[in-house]
1. When DSSP assigns beta bridges and you keep just the ones with both residues in the chain, what percent turn out antiparallel, to the nearest 5?
2. Given springs between every Cα pair under 10 Å in a Gaussian network model of the chain, which of 161, 148, 191 has the largest fluctuation?
3. Which cross-chain or sequence-distant (5 or more) residues have an amide H under 5 Å from the amide H of residue 379, H modelled 1.01 Å from N in plane?
4. List, in order, the whole-Hz ³J(HN,Hα) value for each residue of region 105-116 obtained from phi through the Karplus relation with A = 6.51, B = -1.76, C = 1.60 and θ = phi - 60°; use x for Gly and Pro.
5. Could you grab the relative contact order for region 9-258? Cα pairs under 8 Å, six or more apart, rounded to a whole percent.
6. Quick one: Karplus J couplings for region 131-146, per residue in order, coefficients 6.51, -1.76, 1.60, θ = phi - 60°, nearest Hz, x for Gly and Pro?
7. Could you check how many percent of all C-alpha pairs in region 85-191 are farther apart than 21 Å?
8. Hey, how many Å between the Cα centroid of region 234-278 and the Cα centroid of region 325-396?
Amino acid sequence: MHKNNNWHKETAMIHEGYDSKEHQGSLAVPLYQTATYVFDSAEQGEKRFAGEEAGNIYSRLGNPTVSVLEERIARMEEGQAGLAFASGMAAVSAVLVHVTKANDHIVCSRGIYGCTFGFLKILEEKYAITHDLISMGTEEEIEKAVKPETTCIYVETPINPTMELVDLQAVVNVAKRHNLKVIVDNTFCSPYIQTPLTFGVDFVLHSATKYLNGHGDVIAGLLVGNDKEEMAKLRGTVQKDFGGVISPFDAWLLLRGIKTLPVRMDRHAANAKILFDYLKNHSRIEEVFYPFDDQHPQYEIAKKQMKTGGGLISFTIKGGKEEAQKLMNHLSLVKLAVSLGDAETLIQHPATMTHSAVPKEEREKMGVMDSLLRLSVGLEHMDDIIADLEQAFQFI
Ligand code: PLP
């Protein structure tokens with residue numbers, strides 16, 4: 001297997017975990033679209049099940065195409081081991097089940113993804129695992145939220161969709177003092193922009209549906225940990241027995257998408273900056289939220305933990321839900337869709353879409369107002385996207 005710790009990230013995203021010599025010279029990683037594997041003998045089958053011989057058994061337990069993806073994401077996040085899942089939510093739920101038990105408590109950043117919030121509710125209702133959503137503005141605030149029964153801190157940064165940042169170093173400082181596990185959802189940045197494990201975080205996860213795949217045609221999740229043994233345990237328990245594994249074909253598509261991640265991320269970020277400059281001076285706009293806004297009070301945190309500002313921008317328009325929906329309904333090149341990280345520029349209305357499951361009071365505490373819209377800036381020429389936005393703004 002090809003491995004070279006001196007490779008730059010851009011090289012590792014193309015080569016890590018794969019050697020064509022082991023696969024009949026195939027340049028592309030072959031797609032092992034199989035559910036099961038044939039043993040040479042009954043004794044070999046016995047040894048594999050007993051863990052005495054390495055080798056394939058059944059694709060829920062391991063698959064050669066998926067293994068390349070797991071090696072690659074582990075290297076990209078600078079972790080010890082990776083696991084691939086059928087969706088981002090399968091990764092979120094697996095790691096949360098792994099780190100908690102009944103009656104524990106989780107400290108969460110305020111503004112987490114709607115279905116993650118839904119999963120926390122399931123944990124609370126079924127297993128009395130409680131949580132507190134806090135803004136994590138300072139180390140003291142995080143410290144204050146820790147209870148005797150707290151076992152982990154769960155963070156999204158930048159926070160969706162308000163683009164507030166959480167200082168990863170501050171979170172890790174608190175976690176170390178209380179022996180807590182830290183989990184970071186790194187979907188918004190991708191490992192090209194931010195690598196939370198390098199700050200001392202324990203687990204980093206992705207909805208790989210987004211930037212990692214980048215082409216809007218796969219639902220997948222990835223999880224990377226900084227402890228090989230713990231990841232092996234997670235693989236052999238929660239992942240194996242919950243069974244939310246990725247399909248080989250989706251792993252294959254993801255490997256293809258990841259090869260171009262650095263090039264795409266640079267263009268997403270450059271386009272987002274162009275759009276930010278257009279939006280921030282627009283007469284119909286109240287406020288724009290973008291992590292690399294140099295006037296933003298959290299700009300120093302952004303520079304400390306992010307390579308670029310990424311490809312997401314949120315903004316509030318003058319007005320409310322009616323104006324927001326009117327703007328959306330007059331767009332044609334910008335597509336009305338949830339999800340993010342695709343080649344196409346997408347717009348969505350968090351209050352009635354991604355965050356509609358969050359109670360209004362909690363949603364507004366998060367800053368998700370009816371006038372807020374989120375743009376996932378694509379790879380198109382920005383003149384065309386700005387022209388589309390400009391004609392739509394004329395209707396509100
Ligand atoms: N985390 C974040 C930040 C997301 O935006 C999403 C989906 O939008 C998820 C997790 C869940 O990922 P998936 O839809 O792949 O299950």
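1. Values: 24 of 43 bridges.
Once the DSSP bridges in the chain are tallied, antiparallel ones form about 55 percent.
2. Looking only at 161, 148, 191, the largest GNM fluctuation is found for 148.
3. 344, 345
4. 9, 10, 9, 10, 5, 6, x, 6, 3, x, 6, 5
5. Values: 462 pairs, mean separation 62.6, N = 250.
Worked out over region 9-258, it gives 25 percent.
6. For region 131-146, the Karplus-derived couplings read 8, 10, 9, 10, 6, 6, x, 9, 4, 4, 5, 5, 4, 5, 7, 6 Hz, x marking Gly and Pro.
7. Working: 1648 of 5671 pairs.
Of all Cα-Cα distances in region 85-191, 29 percent exceed 21 Å.
8. A separation of 21 Å, based on Cα centres.
Since every read-out is calculated from the coordinates, none of them should be taken as a lab result. This one's a predicted model, so the numbers in the text were calculated from it and none came from an experiment. Cβ coordinates were reconstructed from backbone atoms using ideal geometry, including for glycine residues, and neighbour counts include every protein chain displayed.
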